[in-house]
Amino acid sequence: MERWKGRVALVTGASVGIGAAVARALVQHGMKVVGCARNVDKIEKLAAECQSAGYSGTLIPYKCDLSCEEDILSMFSAIKTLHQGVDVCINNAGLAHNEPLLSGKTDSWRNMIDVNVLALSICTREAYQSMKERNVDDGHIININSMGGHRMVPSADEHFYCATKYAVTALTEGLRQELREAKTHIRATCISPGIVETEFAFRHHNSDPEKAAAVYESIKCLKAQDIASAVTYVLGAPPHVQIGDVQMRPVEQMS
């Protein structure tokens with residue numbers, strides 16, 4: 001991780017859970033981290049904690065609604081003006097709604113596509129263009145995916161969400177191929193966790209907190225820090241090594 005000191009990383013969905021853990025870890029390793037979310041209060045608090053801990057990097061909170069392309073483009077413009085550009089892009093933001101295929105609401109499906117698929121793709125495109133225009137040939141784009149992007153969960157509430165995560169699996173491999181064709185050494189990695197104990201289930205099952213709690217009580221879950229450790233492992237690999245897909249799940253998780 002030494003070679004990343006002082007360089008700029010964008011982490012989407014950095015206010016809670018995996019995003020917050022990743023942002024903290026990268027700041028700890030000396031990076032300038034732009035952490036974005038719709039609500040930056042928690043990122044501001046995390047930035048103060050990182051500073052108080054004496055971490056060598058810095059966390060810069062940025063308010064951004066990832067379902068709005070104009071917000072994303074404004075964010076990349078601000079990063080260019082203030083910090084030259086992005087060297088690492090961590091596409092972490094994602095969400096799920098309980099909307100089955102046979103009865104789900106179109107607006108909720110569209111929201112999942114906007115955040116889980118389109119925002120990830122827009123951030124990827126803009127990060128690559130930022131690297132290209134500055135001749136950055138060792139950048140890294142990491143998509144935080146899900147085991148739901150590799151197999152369907154036997155629950156109607158999850159089916160559309162899984163479809164968006166299957167898209168992330170395909171997009172990451174497509175990105176790797178395009179980067180290879182462009183003859184660049186910029187790398188692309190997909191990290192696919194199983195059940196991680198975060199706020200995710202409580203947001204997903206917001207009308208049934210008992211159901212959300214049961215998700216995390218059923219087995220010993222992964223922690224957000226486990227995913228952050230995977231991110232630093234991937235970033236710390238030698239520049240000639242591309243780690244394509246990291247699948248992580250709790251030992252007790254059946255599928």
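Quick look at the numbers
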| item | result |
| --- | --- |
| Condition met for TYR216 (aromatic (Phe, Trp, Tyr) and open to solvent by less than 30 Å² (accessible area, probe 1.4 Å)) | yes |
| Residues of the range 13-51 satisfying the condition of being touching a strand residue (DSSP E or B) at 6+ places or on another chain (Cβ under 6 Å), farther than 20 Å from SER229 by Cα and charged (D, E, K, R) | GLU44 |
| Candidate set from the range 190-223 (those that are in contact with a strand residue (DSSP E or B) (Cβ under 6 Å, 6 or more places away or on another chain) and either among the β-branched types (Val, Ile, Thr) or in a helix (DSSP H, G or I) (or both)); member that is modelled with the highest pLDDT | ILE191 |
| Close pairs from the range 147-172: first over 19 Å from ILE122 (Cβ atoms), partner at pLDDT below 95 and of a type in the set (Val, Ile, Thr), Cβ under 8 Å, at least 6 apart | HIS159/VAL153; CYS162/VAL153 |
| Residue within the range 214-231 that is in contact with a helix residue (DSSP H, G or I) (Cβ under 7 Å, 6 or more places away or on another chain) and either over 23 Å from GLY13 (Cβ atoms) or free of Cβ contacts under 8 Å to residues at least 60 places away in the same chain (or both) present | yes |
| Identity of the residue in the range 230-255, open to solvent by less than 60 Å² (accessible area, probe 1.4 Å) and of a type in the set (S, T, N, Q), that ends up farthest from the chain's Cα centre (by Cα) | GLN253 |
| Unique match (being surrounded by 23 or more Cβ atoms within 10 Å (Cβ to Cβ), touching a His at 6+ places or on another chain (Cβ under 9 Å) and farther than 27 Å from PRO239 by Cβ) among TYR166, TYR161 | TYR161 |
| Residues located in the range 73-104, provided they are among the small types (Gly, Ala, Ser), assigned to a loop (DSSP other than H, G, I, E, B) and open to solvent by 40 Å² or more (accessible area, probe 1.4 Å) | SER103 |
| Residue that is crowded, with 20+ Cβ neighbours inside 10 Å and either part of a loop (DSSP other than H, G, I, E, B) or in contact with a Leu (Cβ under 7 Å, 6 or more places away or on another chain) (or both), where the choices are VAL153, VAL136 | VAL136 |
| Considering residues of the range 26-46 that are open to solvent by less than 10 Å² (accessible area, probe 1.4 Å) and part of a helix (DSSP H, G or I) only, the residue nearest to LYS223 (Cα to Cα) | LEU26 |
| Qualifying residue in the range 105-119 (condition: part of a loop (DSSP other than H, G, I, E, B) and not β-branched (Val, Ile, Thr)) | yes |
| Boolean, GLN177 is without any contact (Cβ under 8 Å) to a residue 12 or more places away in the chain and farther than 29 Å from SER108 by Cα | yes |
| Yes/no for ALA14 being closer than 23 Å to VAL115 by Cα, in contact (Cβ under 8 Å) with a residue 12 or more places away in the chain and either assigned to a helix (DSSP H, G or I) or within 15 Å of the chain's Cα centre (by Cα) (or both) | yes |
| Cβ pairs under 7 Å, 6+ apart, first in the range 74-88 and under 17 Å from PRO61 (Cβ atoms), second of a type in the set (Asp, Glu) and surrounded by 14 or more Cβ atoms within 10 Å (Cβ to Cβ) | PHE76/GLU126 |
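The values are calculated or read from the model by the stated rules, or taken from the named source; none is laboratory data. The shown structure was predicted, so the numbers you read here are calculated from the model rather than taken from an experiment. Positions of Cβ are generated from backbone atoms using ideal geometry, with glycine treated the same way; all protein chains shown enter the neighbour counts. Side chains included, ligands, DNA and RNA excluded: accessible areas come from the protein's heavy atoms. Shrake-Rupley method; radii C 1.70, N 1.55, O 1.52, S 1.80 Å.
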